[in-house]
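Here the structure is laid out as structure tokens; the discussion comes afterwards.
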């Protein structure tokens with residue numbers, strides 16, 4: 001990217017650091033957020049520049065606050081190299097372009113190894129965060145019943161009605177609202193731990209043969225199965241059902257050994273339903289509201305996850321039946 005075509009905030013930042021004309025700036029593909037990303041390539045090495053839509057105070061930015069905590073707990077994060085809050089810029093360690101999603105395709109024989117590492121890191125987060133500091137902002141927000149229900153209504157609005165273009169009847173809307181509330185209240189009643197919040201194969205980077213976390217700034221309190229559900233019922237990779245069952249039980253045995261198997265299995269299944277319906281809502285939103293169709297390729301797998309977990313639990317039969325009226329793949 002030429003200096004003349006740079007965003008004025010990016011060029012202003014480079015001028016202030018005496019680097020304009022000394023480095024090459026490459027546009028990176030973004031995520032589902034409003035942030036934009038650039039790779040800064042220079043003689044001293046590469047870095048990733050995150051450009052936020054608005055200025056921020058680095059001492060209040062969730063990414064910075066959560067990164068400080070997690071780094072202190074020994075979790076694998078990109079280092080923060082520089083901040084320019086006035087211009088809305090973070091300069092981060094460059095972890096490369098290989099997501100876990102890519103590494104699994106390139107080296108399928110290492111799947112079990114990668115997932116054991118990823119699950120061990122969830123356990124490390126839960127163990128270390130259990131020691132505090134409880135006053136940190138991420139400990140003050142949670143997946144409570146209202147948040148979980150809102151996410152399910154988000155799915156109804158942006159996927160069922162928005163992306164699929166269906167009209168939900170008044171009676172079904174009321175019934176689904178009750179089903180959503182009941183599911184949200186049960187999940188919210190379980191013991192809470194600190195969660196990454198979006199822990200899947202596109203937010204785990206493989207660099208120097210190690211797994212690193214990205215997109216962790218929305219960390220909050222939630223069920224111990226939340227990150228596990230995101231990882232094992234991932235929209236972006238296909239995992240064998242036997243592998244998922246074995247991995248989930250391995251996690252329970254190592255991280256939650258006091259939780260009975262049947263209790264854990266049920267909580268895992270219900271959490272997977274909520275997570276996958278929320279993911280479908282995000283995909284629908286990105287398509288209809290943001291005009292990005294890149295995530296639509298992952299809809300069939302996510303629907304298959306949702307159907308499988310809905311079918312596993314008889315108490316969700318009514319919810320599955322009502323949703324299947326509008327989404328035949330769930331029947």
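Once the convex hull of the alpha carbons of the stretch 100-330 is built, what does its volume come to per residue, in cubic angstrom?
On the way: hull volume 29.4 nm³, N = 231.
Taking the convex hull of the Cα positions in the stretch 100-330, it is 127 Å³ per residue.
Taking the number of other C-beta atoms within 10 Å as the exposure measure, put 37, 285 in order starting with the fewest.
Fewest-to-most Cβ neighbours within 10 Å comes out as 37, 285.
Got a sec? How would 209, 179, 227 order by Cβ neighbour count within 10 Å, fewest to most? Intermediate values should be presented prior to the final figure.
Numbers: 209 7, 179 17, 227 29.
If I rank by nearby Cβ atoms, fewest first, I get 209, 179, 227.
Quote the FRET efficiency, to the nearest 0.05, computed for residue 17 versus residue 210 with a Förster distance R0 of 25 Å and r equal to the Cβ-Cβ distance.
Efficiency for this residue pair is about 0.30.
Express the relative contact order of the chain as a whole percentage, based on alpha carbon pairs under 8 Å and six or more residues apart in sequence.
Here the relative contact order equals 16 percent.
Once all Cα-Cα distances of the stretch 139-205 are split into 5 Å bins that start at 0, what whole-number percent is in each one?
Each 5 Å bin holds this share of Cα pairs: 3, 15, 18, 20, 17, 14, 8, 4, 0.
Convex hull over the alpha-carbon atoms of the stretch 1-133: what's its volume per residue in Å³?
Values: hull volume 18.0 nm³, N = 133.
Hull volume normalised by residue count: 135 Å³.
With contacts defined as alpha carbon pairs under 8 Å and 6 or more residues apart, what's the relative contact order of the stretch 217-311 in percent? It would help to have the intermediate numbers written out before the result.
On the way: 67 pairs, mean separation 34.1, N = 95.
Relative contact order of the stretch 217-311: 36 percent.
Report the residue, chosen from 131, 202, 308, that carries the largest GNM mean-square fluctuation when the chain is represented by alpha-carbon nodes joined by springs under 10 Å.
Among 131, 202, 308, the largest GNM mean-square fluctuation belongs to 131.
Please report, to one decimal in angstroms, the Kirkwood hydrodynamic radius of the stretch 55-191 built from all distinct Cα-Cα pairs.
For the stretch 55-191, the Kirkwood estimate is 19.0 Å.
Pairing the Cα long axis of helix 111-129 with the longest principal axis of the chain, what angle in degrees results, from 0 to 90 and rounded to the nearest 10?
Tilt of helix 111-129: around 90 degrees.
Enter the Cα centre distance for the pair the stretch 275-331 and the stretch 85-155, rounded to the nearest angstrom.
If we compute the Cα centre of each part, the gap is 22 Å.
Pairing the Cα long axis of helix 145-155 with the longest principal axis of the chain, what angle in degrees results, from 0 to 90 and rounded to the nearest 10?
Helix 145-155 sits roughly 90 degrees off the main axis of the chain.
Using a Gaussian network model on the chain with a 10 Å cutoff between Cα atoms, which of 120, 171, 269 fluctuates the most?
Among 120, 171, 269, the largest mean-square fluctuation in the Gaussian network model of the chain belongs to 171.
What's the exposure ranking of 97, 167, 287, going from fewest to most Cβ atoms within 10 Å?
The fewest-first ordering by Cβ neighbours comes to 167, 97, 287.
Rounding to the nearest 10 and keeping the result within 0 to 90°, find how far the Cα-based axis of helix 299-312 lies from the longest principal axis of the chain.
Taking the Cα atoms of the chain, the angle to 299-312 is about 40 degrees.
Here, each number is a calculation from the coordinates, and none is a lab measurement. Everything numeric here is computed off the predicted structure, so don't read it as measured data. Positions of Cβ are generated from backbone atoms using ideal geometry, with glycine treated the same way; all protein chains shown enter the neighbour counts.
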